[in-house]
Structures are given as C-alpha cells and as structure tokens.
Amino acid sequence: MKASDLFVKALENEGVEYIFAVPGEENLDLLQSLKNSSIKLILNRHEQGAGFMAATYGRLTGKPGVCMATLGPGATNLVTPAAYAQLGGMPMMMITGQKPIKKSKQARFQIIDVVDMMRPITKYTKQIVNSNNIASQIREAFRIAIEEKPGAVHLEFPEDIAQEDCEDIVFEVTGHIIPNPDDKATDQAIKMIQDAKMPLLLIGAGANRKITCDALKSFVDQTGIYFFNTQMGKGVIDERHPQYLGTAALSSNDFVHAAIEAADLIINVGHDVIEKPPFFMKQGGKKVIHINFSPAEVDPVYFPQLNVVGDITNAIKKITSNIAKQSHWEFEFFEKVKKEVASHLSKYFEDERFPTLPQRLVNILRNKLASEDFITLDNGVYKLWFARNYVCHQPNTLLLDNALASMGAGLPSAMMVKILNPEKRVVSVCGDGGFMMNSQEMETAVRLGLNLTVIILNDSAYGMIKWKQEDMGFEDFGLDYKNPDFVKYAESYGANGYRPESDGDFQKILDHCLNTDGVHLIDLPVDYSLNHPILNVMLKEKVDKL
C-alpha cells in the first residue's frame with residue numbers, strides 16, 4: 001500500500017471529517033490520496049486560517065481538528081495556531097511536509113528543523129522516518145492530543161516517505177478513562193466548603209464539558225453558593241442564574257474582584273493559570289480548592305491548599321451528594337455585588353449615539369440572537385465588554401480566547417462554527433486590526449457558501465493598546481492607521497458589504513444580514529471614548545465603596 005494512502009486511511013480510522021490546508025509541493029502525494037477519501041479537504045488562504053479552524057473544531061467537538069501545510073514558511077505560519085490550541089486546551093493535529101530525507105535533491109532550500117521548532121508549543125511532535133510507523137504514530141498523536149489537558153500535536157511527513165510502499169494496517173481507536181479523584185481529597189473539600197464563611201465558586205475553561213455543566217448547576221442549585229467564571233468558562237452555567245456574579249474580564253478593580261476579595265474560600269473548578277488569573281493569593285489569605293484534571297502548577301500568585309485531581313464531573317457530583325447548605329454561610333455581600341453588576345452593566349445598553357458604544361453592540365446582539373446562536377470574537381478591547389456584558393445562556397456560544405489571545409482568529413473560528421452548526425446564526429465580531437490579519441479567509445467563506453455575518457469595529461487604530469497607553473499616562477502615539485474601504489473589500493470577494501450611518505440603520509442592516517443567506521460584512525464605526533473613564537477610573541471608585 002502506498003504510504004500516503006495509509007496515512008489517509010489512518011486519519012479516516014480516527015474519524016477525521018475535515019482537513020484545513022494550504023498544500024505545497026511536499027504534500028502532493030498526500031493531497032492525491034485525499035482525493036478519493038471520505039475526508040473533506042477545505043482549502044484555506046493562509047496557514048493561520050487553517051490552523052485556527054482546526055483548533056476551533058477541536059474546541060467544539062473534543063476531537064482533534066486537522067490542518068496541513070508544507071515545509072518551511074508553511075510550517076512557520078502554523079506556529080501561532082499551534083500555540084493558540086496548546087494554551088487554550090484545544091485538541092489539534094498539524095501535518096507538515098518535508099523534502100526527501102533519504103536523498104537530498106535541493107540542498108537546504110526551505111529546510112528548517114520544524115520538529116524542533118514545534119516542540120515547545122505542542123504535546124507531541126515527530127518526523128515520520130519509516131512508512132511502517134505511520135499508523136502507530138498517528139494513533140499516538142491523536143491519543144495525546146485528546147488526553148487532558150488537550151492540545152496541539154504535529155507530524156512531519158517527508159515526501160519520499162509518502163511515496164514508499166508499506167503494510168496496510170491501522171490501530172483500533174481506544175478511549176481513555178480519567179481516574180476519579182481520591183475520596184480523601186473530596187471529603188476534605190466538603191469539609192473546607194462547609195467550614196467556610198463566604199465560599200465562592202470559580203468556573204474555568206476546563207469545566208466546559210456538557211456533563212460537567214449539569215453537575216455544576218446541580219451543585220449551585222443545592223448549595224446556593226454564588227459563582228463567577230473566567231472568560232473561557234462563560235456559559236458553563238446559564239448566566240441568567242440568580243447566583244451568577246459575573247465574568248472576570250479585568251485583572252483587578254471590577255465588581256467580581258470585590259466579591260473575590262471578600263470570599264474566604266475559592267472553589268476553583270477547571271481553571272488554568274494560563275488564562276489570566278482572576279485573583280492573586282497571599283500567604284495567610286483566603287483558601288483555595290483546586291478541582292481539575294491535573295494538579296495545580298504552583299507559582300507566586302497561585303498555591304491552593306487542596307488539590308482534587310481527576311475527573312471533574314465525578315468530583316463535583318460526589319461533593320454535591322454529600323453537602324448541604326450551611327446556616328453560617330454569609331452571602332449578603334455577594335447579593336450586593338450582584339445588584340451593582342446588574343445596574344452598571346445595563347447603563348449604556350440603550351445609548352443610541354453613533355459611532356456605536358461597544359456596550360450598546362453587546363445589548364443589540366444579545367436581543368437579536370437566540371440562546372443557541374453563536375458569537376466569535378477576535379482579540380481587542382471590545383472583548384472585555386463582551387466578556388463582562390454579554391449574558392451567555394449556553395456554553396460555547398460566545399467563543400473568545402483568553403489564553404494566547406491572538407489576533408486574527410475571529411473570522412476562521414466563525415467559519416468553523418458555521419460549518420459545524422449550519423442551522424444556527426453565527427456572528428463574528430472583529431476589530432479592524434484583527435480582521436485584517438486573516439481577512440483573506442473571506443474568500444474561503446464565500447467559496448464554501450457559508451451564511452455568516454462579520455461585524456468590523458472600526459476605530460482605525462490598535463484600540464486595546466491605545467486603552468493601555470492612556471491608562472499608563474502616556475501620550476497618544478504610534479497606534480493609528482488607515483483602513484481599506486471594507487464595503488468594497490467585501491464585495492471584491494463576492495460577499496456583501498454595508499456601512500451603517502446611525503444606530504437605527506445598523507439594526508436594520510443587522511436584521512437583514514442575520515436573515516439573509518451569504519457572507520455579510522458590516523463596517524461599524526465604534527466609540528471607545530468610555531474605555532478609560534469606565535474601566536480604569538469609575539470602576540475602581542465604585543468597587544472601593546462597596
């Protein structure tokens with residue numbers, strides 16, 4: 001059997017549905033083998049787009065998304081998506097080509113050590129040097145990508161190996177069992193929670209599993225303990241729940257942080273310190289229970305007093321079945337915080353000024369989208385407003401990245417979401433800077449016939465850094481640029497472009513886009529003038545008075 005055919009057969013054996021790719025000369029044998037495969041090849045316009053789509057597939061399905069690139073520059077362009085998947089806990093497999101390894105034909109042209117380059121940012125990286133090892137190495141790569149904590153893996157497939165004859169064999173796909181937490185650890189957790197005066201639940205990205213969502217809701221319903229989430233934990237429990245306090249979007253000086261400071265015990269479920277820490281521990285301060293698939297990595301700001309390691313769902317279920325509300329728990333301060341949050345977040349929802357406030361956009365989208373519809377975010381200062389203000393009804397309906405926090409991922413992520421959920425409405429909200437980093441994927445979206453709405457928040461600047469610049473007292477310098485005509489740009493790809501001139505005009509255009517087939521791009525002017533006075537000044541003053 002030809003080695004490239006076996007490679008494809010092994011991928012089919014793993015249940016691979018798509019390969020996102022920018023192929024090169026060194027991938028041609030594999031490309032030919034894919035021609036008659038059940039796997040659908042999706043041709044991207046940049047390797048980053050392919051990688052971000054594969055990572056998002058992994059994030060939403062729990063199965064490794066697969067992407068492919070050539071050697072050299074193709075492989076280096078996958079570095080950012082590799083780090084995106086690795087830090088974000090998204091299972092993804094990267095396949096890169098390579099020149100022949102048994103006999104050089106072009107000296108060192110385009111050759112770099114891709115395997116060594118990928119090593120620090122993947123869970124597993126190997127060059128296939130023998131075609132008879134293809135099946136075992138693919139099985140091993142998939143096993144490692146899926147196991148907790150999920151992440152990125154990489155295989156380099158040289159073109160001379162791809163052309164070899166080899167044995168026709170694939171390995172049975174086996175699952176893995178996550179061990180249950182130690183009974184002594186869960187018993188100690190129960191005691192710590194019952195003995196606490198003001199326990200508070202933190203929900204992180206690692207808890208974003210369907211059965212874990214149900215288990216956590218049962219825990220909150222039974223105990224009445226208030227909870228908050230990290231940005232990548234949004235929607236794990238419906239955020240309309242009466243015990244929901246908010247999302248930790250800032251590093252400090254927000255209402256959620258006031259609740260954290262008041263708590264004497266944090267029950268930390270599924271949080272990873274790769275995601276920006278929402279609290280900082282001090283020696284002799286509040287206690288923390290770490291409930292996750294792996295032990296806490298102790299650092300100067302995070303050193304839990306108890307590790308409950310193993311299957312998160314079973315840990316929560318056991319704790320729930322052996323705990324009851326305690327008469328000495330005090331939640332009055334948390335109730336006060338919740339009222340302040342509700343009052344503050346809704347303050348600018350009805351402000352119809354134009355250019356549009358990001359808070360207003362959040363409210364408009366929440367009102368127009370159903371509970372099961374999706375928003376994907378790129379990275380910019382608007383992400384903070386969505387994290388704080390957008391009420392998620394279901395998990396993974398607001399997709400943002402707070403691990404690598406890379407620009408350029410918003411549009412490819414939305415495309416992947418739409419492919420997996422063709423019946424749902426999908427909106428991608430991007431800053432003008434982030435959109436331009438992978439804007440060429442508009443052609444891919446049009447070619448695939450996707451129904452998608454892209455909203456570009458246009459301030460002709462790197463707004464997030466401008467906000468930080470102002471906070472640090474520096475002069476406005478070096479962060480402004482000029483954009484193309486986004487309407488004409490969209491139309492040049494065969495998409496539909498719009499430029500609203502008022503709040504009412506925007507809402508009419510948005511209604512049309514959400515209910516009309518095709519790829520739509522809305523060039524929306526945004527007003528960021530309240531970023532500094534609210535996020536850096538007013539919040540701190542209000543929190544200090546709580």
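Bear in mind that the values in this text are calculations on the coordinates, not laboratory data. Owing to the predicted nature of the structure, the values given are computational and were not obtained by experimental measurement. Cβ coordinates were reconstructed from backbone atoms using ideal geometry, including for glycine residues, and neighbour counts include every protein chain displayed.
Packing around the peptides 130-141, 161-172, 52-63, 519-530, taken as the average count of other Cβ atoms within 10 Å per residue, puts them in this order, highest first: 52-63, 519-530, 130-141, 161-172.
A simple charge model with +1 on the Cβ of Lys and Arg, -1 on the Cβ of Asp and Glu and nothing else charged puts the dipole of the chain at about 740 debye relative to its Cα centre. Would you list which aspartates and glutamates come within 14 Å of K287, measuring only between C-alpha atoms, while excluding same-chain residues fewer than 8 positions from it? Cross-link targets: D195, E261, D264.
For the chain, relative contact order (Cα pairs under 8 Å, six or more residues apart, normalised by length) works out to 12 percent. Each residue in T376, T174 was given a count of other beta-carbon atoms within 10 angstrom of its own, and listing them fewest first yields T174, T376. For the chain, the fraction of C-alpha pairs more than 40 angstrom apart is 28%. Geometric descriptor of the range 333-416, per residue, is 124 Å³ (volume of the convex hull of the Cα atoms).
Distances over 21 Å make up what percent of all Cα-Cα pairs in the range 183-336?
36
Have a look at N13, M90, P23 and report the one farthest towards the positive end of the charge dipole of the range 1-158, computed about the Cα centre with Cβ charges (Lys/Arg +1, Asp/Glu -1). Farthest towards the positive end: P23. Since only I375, F227, P158 are under comparison, the one whose Cα sits farthest along the positive direction of the charge dipole of the chain, derived from C-beta charges on Lys, Arg, Asp and Glu, is F227.
Of the peptides 234-243, 424-433, 438-447, 331-340, the ranking by mean beta-carbon count within 10 Å, highest at the top, reads 424-433, 438-447, 234-243, 331-340.
Given their separation in residues at 0.36 nm each and the Cα-Cα distance between them, S37 and E423 gain 136.4 nm when the chain is fully extended.
Magnitude of the Cβ-charge dipole of the range 183-336, K/R +1 and D/E -1, about the Cα centre, nearest 20 debye?
180
Here the 3J(HN,Hα) profile of the range 427-433, calculated from phi with Karplus coefficients 6.51, -1.76 and 1.60 at θ = phi - 60°, is 10, 9, 9, 10, x, 5, x Hz, Gly and Pro shown as x. In degrees from 0 to 90, rounded to the nearest 10, what is the angle of the helix 210-223 Cα long axis to the longest principal axis of the chain? That helix lies at roughly 10 degrees to the long axis. Taken about its Cα centre, the range 290-341 carries a charge dipole of roughly 280 debye when the Cβ of each Lys and Arg holds +1 and the Cβ of each Asp and Glu holds -1. The long axis of helix 183-195 is offset from the longest Cα principal axis of the chain by roughly 30 degrees.
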